[in-house]
Structure formats: C-alpha cells, structure tokens
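Undergrad: Sharing a structure with you now.
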Ligand code: NAP
C-alpha cells in the first residue's frame, strides 16, 4: 500500500488526487489536506460568486473525496501543525497544491495607504475568505481604480459595478452584498500599463461588461492599433479585442449611472492621499519594440478612494521547501521539487490558466509518481494513521468530508432567498456547526 498526501483541496489538489486514485486503485491511500474545514480552495474563495456554473465542477471533486481510498483531512495547516519534512516521513509522496493566494505588490509609494487592497484580499472579502472578513474596503467615495488587465481585474470591476439584484443566484457573502449595496462608487477605472492588444481578458468575461444593468463600459477608440493588426491575433484573443472595439464604437450608454473606464497605456507611479488613498498618479506609457510598457514622462491624476491591485498572485512559502522568488512559486522541475516532493497547479506553474488547466497538470504529476513508485509496491509508511496520531499529540483535530457536508447543509439552510448558500466565513463558525 502506498500513502500519498495532497496538500490543498482546490482544483489542482482534487485533480491530482483523482489521478492518483485512478493510477493506484486500491493499492494506495490519498489524503487531501487543507488548512480549512471547508474544501475546494479557489472554487470557494476565488471564483466569482456570480459565476456559479464554474463552481459546479466541485460536484466532480465530491465524487473524488467520497471514493474508496481518498480522505479529506481539513483544519490542518502544513508548516504550522505539521511540517513538510514530517509529511515526507509519513507519506511516500507529498504533492503541494496550495495555489497562489497572496497578492503580488506593485512596489510603488502609497501602496500601504488605507483604501489600497490586493485582489486576493478584495476577492476573498466578497467570497467569504476568513482572512479577509474584516477588510471593509472603502466604498464611500465615487471613484475606484482596479489596476491590471486580467480576468481577476474584470471580476473585481464587475462586482463593484453590479446592482444588488444582479447578485441573485450568486453565493456572494452577506457582509459584502450589504456593503456593495450601499456603495457610492459610480466610476471604476481599469488601468492597463499596456494597450488593448495586450490585455489578458477572455471574451466571455469581457462581454459581460456590456450587459450590466447600471454600468456601461467606456473605451477610447484612439487606443487601438489599426484594425488590420487584429488578424494576427490568436482567435480567442481577437474576439476579446473585437468586444473592446464594439464598446468603443457604441460609446457609453448614457442611461446607466455607473461608468467602467478603460484607461490603457497607464502605469501607476504613486498612490496619494491624506492618510488614505485619494488618487493615483499615473504615467502615460507607450510600447517599445519588445512590447514592454515604457513611460513617456506625461503624468496625470486618477481619483480613487479605493484601489484594487490585480496584477497577479504568488504561492506562500513553506519552511524547508525550495522557492522560486522570481516566479512566486515552488522551485520545481516539471512538478518535482525534491525527492518524493511535488508541486501542481499554480504552486507549480505560477498563477495562470483556467480551472481546467489543472487537470492535465495533476495527471502528469500523478504519472510521474506512478513511474517512480509503481502501483503494487509498498513504502511501509504511516500515512493517515500516523498523521492523525501526530496531530492528536499536538491537540489538532482534523475534519473529514462528512464534517464538510454538515457545514454545507448548515450553509444551505441559512441561504437568503435565491442564493445557493450563505457561506459561513469564520473558522469558529465552521467548527460551531460541528459542535466544537
Ligand atoms: P493575469 O491574467 O496574469 O493578469 C495580470 C495583469 O496584471 C496583466 O494585465 C498584467 O499586465 C498586469 N500587471 C502585472 N504587473 C503589473 C504592474 N506592475 N503594473 C501594472 N499592471 C501589471 O492574472 P489574473 O487576472 O490574476 O488571472 C490569473 C489567472 O486566472 C489567469 O490565467 C486568468 O485567466 C485566470 N482567471 C480566469 C477567470 C475566468 O475564466 N472566468 C477568472 C479569473 C481568473 P502585463 O500584461 O503588462 O504584464
């Protein structure tokens, strides 16, 4: 019998567990460890609450968690409750699937002012992440800025722009819904340091901005290169640019009270204000021959009492695990970090790709593991039983998948009308459901 630990229960963790279970059948046990009693990582805490169809993939993960030989071990933090080295003593292979939940920093003056938040914090706040429950982003000003031209930036812009009833059917947490309902924000500027051709936004997500009830996109046609240059773009990307061009030619819908201003070729230099964010000093850029943004020296102010920086994520470090500073992920060679220690998903590749990208990634690493220790061989390690004994000595009480189902049932029972659930946000609320 082989014993495997997968650390992290987001998409990358679940696809890896699924692949290991398929490759080894009844010749292995797979423990999916998570720091929270609730599973699914990015699906629960990252995917936008109004994108419920994307979250449906968790049903597939349920089947994995409930399959023979796979266990969910929640409420256990690797690096605090148990070290990576201890896990390697207990398991034949350890796969780190902890994602990239920390914000990259802009590294400009004023970034620490109140009113400046990273997208991981902002998204975590409206998605019920316990670390960001108390974020209270300031929504009392009329102007907000989102920095970055990726899909996460689009999520943040859309959430800031929607009316209350546009969240019907979503699982946005109650505290965020109430705060957004009372928001005074009327203009959200989305800053890109490069141009329309350099966006990292996908067509479906961009297209949604054209169908908002109270907000209208504003795009300047002068920012685009000649239309002939679109033909060289990859088809999906070309579709995104076509949508942007349509926004530009349609012009803003004057019947809508909120504006989403696309400000391209705009690099933030400094965030300023009297004890809190009030405006961004921005430099106009142009592209050099390699396509990088270079400053032109022309600067201007953009008002903003809320600044959301959405410029990418990084993986947190775990003591004793080699780290790639530049990439913001674990140092690894095709998923292999060190003997019997692997990384998958964003912890392996960095923060790019969709949920589905993690499937081949997890399967590839599972294959590597299967060829290093073929099914039918035995490593003689303690596995889950050993882990349970170690945690008991430390006073740590893990949760299992049945516990999650009890929490989930309580969340569904607490749902407001039209919402699939009211997420419980704090660790103590989850544990209270379990009578702890
Ligand atoms: P991303 O796609 O890598 O976009 C990051 C953006 O930040 C880029 O526009 C980048 O511009 C900009 N940026 C980076 N450093 C900057 C700086 N110092 N100053 C100004 N701008 C800076 O990352 P993401 O939006 O966090 O998304 C992560 C992944 O999740 C992506 O693969 C995304 O597609 C995926 N995702 C998918 C969905 C969905 O399918 N619905 C939703 C959310 C996220 P440059 O190009 O100039 O570097």
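Any read-out appearing in this document is the output of simple, stated calculations on the displayed coordinates, not a laboratory observation. Here the structure is a predicted model, which is why all the values come from computation and not from measurement. No Cβ is skipped: glycine too gets one built from the backbone with ideal geometry, and neighbour counts run over all protein chains shown.
Undergrad: Starting from the Cα coordinates of the stretch 358-436, work out the convex hull volume and express it per residue in Å³.
TA: Expressed per residue, the convex hull around the Cα atoms of the stretch 358-436 is 160 Å³.
Undergrad: Quick check of the Kirkwood formula: for the stretch 262-401, what is the inverse mean of 1/r over all pairs of different Cα atoms, in Å?
TA: 20.0 Å
Undergrad: Then there's this: Taking a ≥ b ≥ c as the square roots of the Cα gyration tensor eigenvalues, with a/c under 1.5 meaning rounded and otherwise prolate when a/b beats b/c, else oblate, which class fits the stretch 222-265?
TA: Prolate shape, in that a/c is at least 1.5 and a/b is the bigger ratio.
Undergrad: Mind checking which of 385, 289, 364 has the largest fluctuation in a GNM of the chain, springs on alpha carbons under 10 Å?
TA: 289
Undergrad: Sticking with this one: Expressed as cubic angstrom per residue, what is the convex hull volume of the alpha carbon set of the stretch 127-203?
TA: Roughly 111 Å³ of hull volume per residue.
Undergrad: So, one more: Divide, for the chain, the radius of gyration over alpha carbons by 2.2 N^0.38 Å, where N is the residue count.
TA: Here the answer is 1.03, to two decimals.
Undergrad: So which residue, out of 176, 410, 28, gets the largest mean-square fluctuation from a GNM of the chain using Cα contacts under 10 Å as springs?
TA: Maximum among the listed residues: 410.
Undergrad: What is the calculated FRET efficiency for residue 414 to residue 77, with r their C-beta to C-beta distance and R₀ = 35 Å, to the nearest 0.05?
TA: On the way: r = 26 Å, r/R0 = 0.75.
With R0 = 35 Å, the Cβ-Cβ based efficiency is 0.85.
Undergrad: With a 10 Å Cβ neighbour count serving as the proxy for reagent exposure, in which order, fewest first, do 342, 61 appear? Intermediate results must be reported in sequence, preceding the final value.
TA: Numbers: 342 27, 61 23.
Starting with the residue having the fewest Cβ neighbours, the order is 61, 342.
Undergrad: Can you put 183, 305, 161 in order of Cβ neighbours within 10 angstrom, beginning with the fewest?
TA: Values: 183 19, 305 22, 161 26.
If I rank by nearby Cβ atoms, fewest first, I get 183, 305, 161.
Undergrad: Output the 0 to 90 degree angle, nearest 10, between the alpha-carbon long axis of helix 11-24 and the longest principal axis computed from the alpha carbons of the chain.
TA: Helix 11-24 and the main axis of the chain meet at about 30 degrees.
Undergrad: What is the order of 436, 270, 290, 349, fewest Cβ neighbours within 10 Å to most?
TA: Values: 436 12, 270 16, 290 6, 349 19.
Placing the least packed residue first, the sequence is 290, 436, 270, 349.
Undergrad: Quick one: among 108, 32, 260, which has the greatest mean-square fluctuation in a GNM of the chain with alpha-carbon springs under 10 angstrom?
TA: It is 108.
Undergrad: Between residue 427 and residue 213, how many nm apart are label points set 7 Å from Cα along the C-beta direction?
TA: Spacing of the two 7 Å Cα→Cβ label points: 3.8 nm.
Undergrad: What distance in nm separates the two pseudo spin-label positions at residue 371 and residue 85, each 7 Å out from Cα along the beta-carbon direction?
TA: The modelled label-to-label distance comes out at 3.1 nm.
Undergrad: Also, quick follow-up: Please express the shape of the stretch 204-282 as an equivalent ellipsoid: the semi-axes are the square roots of 5 times the eigenvalues of the C-alpha gyration tensor, given largest first in whole angstrom.
TA: The three semi-axes for the stretch 204-282 are 27, 18, 11 Å.
Undergrad: Follow-up. Once each part is reduced to its C-alpha centroid, what is the distance from the stretch 187-262 to the stretch 349-363 in angstrom?
TA: That distance is 27 Å.
Undergrad: Please give the FRET efficiency for residue 288 paired with residue 436, using the beta carbon to beta carbon distance and R0 = 51 Å, rounded to the nearest 0.05.
TA: With a Förster radius of 51 Å, E is 0.30.
Undergrad: Taking just the alpha-carbon atoms of the stretch 108-155, what radius of gyration and Dmax come out, in angstrom?
TA: 11.2, 29
Undergrad: While we're looking at this one, here's another question. Helix 235-250 sits at what angle to the longest principal axis of the chain, using alpha carbons and giving 0 to 90 degrees rounded to 10?
TA: 30 degrees
Undergrad: Which of the three applies to the stretch 154-296, rounded, prolate or oblate, going by the alpha-carbon gyration tensor with a ≥ b ≥ c and a/c under 1.5 meaning rounded?
TA: Details: a/c = 2.08, a/b = 1.31, b/c = 1.60.
Oblate shape, in that a/c is at least 1.5 and b/c is the bigger or equal ratio.
Undergrad: Go ahead and collect, in residue order, the members of the stretch 128-164 whose backbone nitrogen is under 15 Å from a label point 7 Å along the Cα-Cβ direction of residue 352.
TA: 149-152
Undergrad: In nm, give the distance between the simple-model label positions of residue 178 and residue 402, each being 7 Å from the Cα along the Cα-to-Cβ direction.
TA: Modelled inter-label distance: 3.6 nm.
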